[in-house]
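Here the structure is laid out as structure tokens; the discussion comes afterwards.
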Amino acid sequence: MKKIIFTLSLIPITFQAQQIIRQDPEIVKYVSQVNTDSLKAHINALVSFGTRHTMSSATDPKRGIGAAKKWVLKKFRDYSKNAEGRMEIFMQSQLIQPDGKRIDRPTDLGNVIAIIHGTNPDDKRLFMMSGHLDSRVTDVMNIKDNAPGANDDGSGVAALIESARILSTSKFPASIVLVAFSGEEQGLLGSKMLAEKAKNEGWQLEALLNNDMISNNLSSETNLINGYQLRVFSEGLPQYELDKKASEIRKFGLENDGDSRQLARYIKEVGERYTDNFQVKLIYRNDRFLRGGDHTPFVEKGFPAVRLTEFNENFNHQHQDIRKENGVQYGDLPQFMDFDYFKKNVGINIAVLANLAKSPSKPENVKIEADKLTNFTTLSWEKPRSVEVAGYYVLMRETDASIWQKKTFTKENSISLPYSKDNYFFAVQAVTISGNESLIVVPKVK
């Protein structure tokens, strides 16, 4: 049965962003548990390995990438004791050969992975968070000198460990995957390896939050300080199978509505819901100029994936030998991290992961009627496959707006709204009784 909604305010040109602040008490608790001292301890431990260069020692018990991987494994295993057998820990390894680029010797490439398995055996969804364990100095092939990698990307790995500490004690219908990649600085090697595995094995990976440098607040050169904004980079036109999608994208103006961009919008809404006086900034490109990140191999395989990064970057503390020149200290050292800012960014990750893992799967067969001339918009959909729902949100935004501006709740499986589909974009998401929303589905034309 179609439900016609007349109760919305009809505003012909613009409307303000909808402010629906409905917090899940469990997620509030998770975010409150992020601990600055814990994060500092994780960073100090990572820095203590001297260098974590991908080609550094795999066997030295105290120095190099091998010792760092074993430490992350141990931290995950320690926290798995709280998970009542639901947490799986393993290393994905591969011996890679010299490539004539950034690998000049046989190297044991290894990703450290923890999976907090969901409690619903029929729910195959995976929600992933990642950071990269390896570090570097000015010369990307230098494996001898200290490369502390405190922010790049000790911050991402410390965020993973803190998330494991907090989330391992809880149960979620869907599964959460935490990955510390290796080989990022040598060409995204670890993420390419895992993305290939995920594609070949048909993983139902519905979101990847890649955290790469999330703890610095000061920009080099301009000396701007920003401890209240986090950037989320997302691709626009989907690189994966664009040739098959381009006609529909052009026809309906969906250049900004790919899965990764919808994920970025989701992160903004949920992240800001649980973090006061903070803003998630949507950056409409896949990554920064002259740089790459571990989300990209997943994007290239068709998985929704984004990069989370501090708002300001300090290039004196990225990919630099540790040294002092003209009174300026270079190098990626812990002393340059803002741990209060870092704590907020970790909290955003935890809030989004938990909200996703508690959410229903996406509504199915979402359609928009376009078979007659009318100033009403009618949408229909089928219920999700997993988790009981309390109802659905129908989302609206003007065609030049970057974020969803209005939400309408309904318990029905169809709705008619007094807004023209020519002037707005629409989407649908399912929601639980606790307010945990599914990922967003843009309708197909019926």
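Values as computed for the structure displayed
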read-out	value
Scan of the stretch 34-58 for residues that are aliphatic (A, V, I, L, M) and closer than 15 Å to Gly154 by Cβ, ordered by number	Leu39, Ala41, Ile43, Ala45, Leu46, Val47
Boolean, Glu162 is in the same structural domain as Asn314 (by TED's automatic domain parsing), in contact with a helix residue (DSSP H, G or I) (Cβ under 8 Å, 6 or more places away or on another chain) and within 20 Å of Trp71 (Cβ to Cβ)	yes
Those residues of the stretch 283-299 which are surrounded by fewer than 19 Cβ atoms within 10 Å (Cβ to Cβ) and closer than 25 Å to His53 by Cβ, in sequence order	Arg288, Phe289, Leu290, Arg291, Gly292
Counted residues, the stretch 355-375 - those being touching a residue at least 40 places away in the same chain (Cβ under 8 Å), within 29 Å of Ser420 (Cβ to Cβ) and aliphatic (A, V, I, L, M)	3
Yes/no for Gly347 being closer than 30 Å to Val47 by Cβ and small (Gly, Ala, Ser)	yes
When residues of the stretch 231-286 are limited to those that are of a type in the set (Phe, Trp, Tyr) and at pLDDT below 95, the one nearest to Val306 (Cα to Cα)	Tyr240
Complete set of residues in the stretch 48-82 that are more than 17 Å from Pro106 (Cβ to Cβ), of a type in the set (A, V, I, L, M) and crowded, with 21+ Cβ neighbours inside 10 Å	Ala68, Val72
One residue from Glu382, Glu325, Glu313 being of a type in the set (D, E, K, R) and under 20 Å from the mean Cα position of the chain (by Cα)	Glu313
Qualifying position, being buried (at least 20 other Cβ atoms within 10 Å of the Cβ) and under 22 Å from Thr399 (Cα atoms), among Gly271, Gly258	Gly258
Whichever residue in the stretch 207-232 is touching a Ser or Thr at 6+ places or on another chain (Cβ under 9 Å) and over 15 Å from Gly131 (Cα atoms) and, among such residues, is surrounded by the fewest Cβ atoms within 10 Å (Cβ to Cβ)	Ile225
Near pairs, Cβ below 6 angstrom, 6+ apart or cross-chain, from the stretch 286-305 (in the same structural domain as Ala264 (by TED's automatic domain parsing)) to any residue that is assigned to a loop (DSSP other than H, G, I, E, B) and of a type in the set (Gly, Ala, Ser)	Asp287/Gly293
Lone unmet requirement of (1) under 18 Å from the mean Cα position of the chain (by Cα); (2) within 19 Å of Lys75 (Cα to Cα) for Ala150	(1)
Every pair of residues 6+ apart whose Cβ atoms lie under 9 Å, when the first sits in the stretch 39-51 and is assigned to a loop (DSSP other than H, G, I, E, B) while the second is of a type in the set (S, T, N, Q)	Phe49/Ser56; Phe49/Ser135; Gly50/Ser56; Gly50/Asn146
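The values are calculated or read from the model by the stated rules, or taken from the named source; none is laboratory data. What you see is a predicted model, and the numbers here were worked out from it, not measured in a lab. In this analysis, Cβ positions are derived from the backbone assuming ideal geometry, glycine residues included, and neighbour counts consider all displayed protein chains.
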